[in-house]
1. Taking the Cα-to-Cβ direction at B:VAL24 and at B:SER98 and moving 7 Å from each Cα, how far apart do the two end points lie in nm?
2. Got a number for carbon plus sulfur as a percent of chain A's accessible area, 1.4 Å probe?
3. In Å, what Kirkwood hydrodynamic radius results for region A:18-245 from the alpha-carbon pair distances?
4. So for region A:20-72, Kirkwood radius off the Cα pairs, Stokes-Einstein at 37 °C and 0.692 mPa s: how many µm² s⁻¹?
5. With the other protein chains left in place, how much accessible area per residue, in square angstrom, belongs to the protein assembly as shown at a 1.4 angstrom probe?
6. Per residue of chain A, what 222 nm ellipticity follows from adding -39500 (n - 2.57) for every DSSP H run with n ≥ 4, rounded to the nearest 500?
7. Roughly how compact is region B:8-92, stated as its Cα Rg over 2.2 N^0.38 Å to two decimals?
8. In Å² (nearest 100), what accessible area is buried between B and A, both sides summed, heavy protein atoms only, 1.4 Å probe?
Amino acid sequence: MATIEKLKDIVLENDSASYNLGYKNIDNLIGEIKSNTIITIGARPGMGKTSFLNNVIINLLNNYNLPTLYISLDSSKEKLISDLASISNKSVKELQNNDYNLYISANCFNISDLEKLLEENEDIKVLAIDYIQLLSGKNTFTSMADSYSDILSRLKVMAEKYKLIILLTSQLSRNVELRMDKEPQIKDLGKTSALEEISDIIMFLYHEDYYIKESKNKLTEVIVAKNRYGKTGITYLNYKENKYID
Amino acid sequence: MIKKKDNNIDTNYISNIGDIYGNVKDVTLKAKLITIRVFEFTDTIMCILNFYDNTGKISSFLINDKDADFKNLIKSLTVDNTYLVKGNITDIDEDYISDFKKETNANLEDYLISGKVFLIKAIKESGGE
């Protein structure tokens, strides 16, 4: 019944390609995530962006177990597995024994290597990169900005080609520290607008008590600064022992 | 899988049938069910549901694996009731209709009331509000 299967594929493919990040407050704000979406998580160092990414990855694996490729450029594979295990309440052994559909690479430093990796693993549905500024590109560009823009545009192509959800963490400019108001803004993503342009959703993490020591606000502020498909705004998460909770 | 009746359907984007032009994604319609035709295959159930509102008529496909939940969903559908249906609108081409006839001996044209087809992703009763 090829015609029936064809019709079913069309309907079910469209239906299955919507996901939540696993946080009620954030999901209510940003809505369902579809495949071919790039989400950027930006924060100054020490705000917990890697930890937040790890929590989102575990949520997605727990809820959907989509084949996930995690490119860790800032932590060793052992450290990352240990962190993910503590969030998921699984042992390191269980994680390594592939309880999850998770593939971790800590030695893919180049966009061309990443392209090859995805070509060889076409089943990958979620790609996480921590953090994007550590991914290198071609040496043929005359400026770092051009090379960075090329990396990002190639990521955009990959998202479309493989119908990926791409989660990127990003460093923010030091200019944040020079302002009176330390809450991150889109312009803090860097000197070029390339990351802003390719991102469908941009979230920033901010801790008021990081800057204002006497602050009693211990919550993590999640600022949704761009959302191509829905609302923007601010919501909050609790952070305790490596875990973010609503 | 097809979302069941209790799933939330975003009601912010309700369109009138008469306003639909071209192939569009993620449309929500509020319309009255006027006919149901069920086709059962080995592993799959396909329904052709025809809807109308005061601006026009449209045919829709509701299709899923043949499981108990889906059978219950179909059983619960009632002609003359009003539903919120969410999905994508697409044109159905003549090749598809002829291939379908070859495989199933059923002539889709006998059941479709429009050339445009609504591919249902979620459905829930609206209570005629």
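1. 3.2 nm
2. On the way: 5730 of 11760 Å².
Answer for chain A is 49 percent, counting heavy atoms of protein chains only.
3. Working: mean 1/r = 0.0558 Å⁻¹.
Computed over region A:18-245, the radius equals 17.9 Å.
4. On the way: Rh = 12.2 Å.
My calculation gives 269 µm²/s for D.
5. Ligands and nucleic acids excluded, the result is 49 Å² per residue.
6. After summing the helix terms and dividing by residue count, I get -11000 deg cm²/dmol.
7. For region B:8-92, the normalised Cα radius of gyration is 1.10.
8. 1700 Å²
The values are calculated or read from the model by the stated rules, or taken from the named source; none is laboratory data. All figures in this text were calculated on a predicted structure; none of them were measured in a lab. All Cβ positions, even for glycine, are placed from backbone atoms using ideal geometry, and neighbour counts span all protein chains on display. Only protein heavy atoms, including side chains, enter the accessible area calculation; ligands, DNA and RNA are left aside. Shrake-Rupley method; radii C 1.70, N 1.55, O 1.52, S 1.80 Å.
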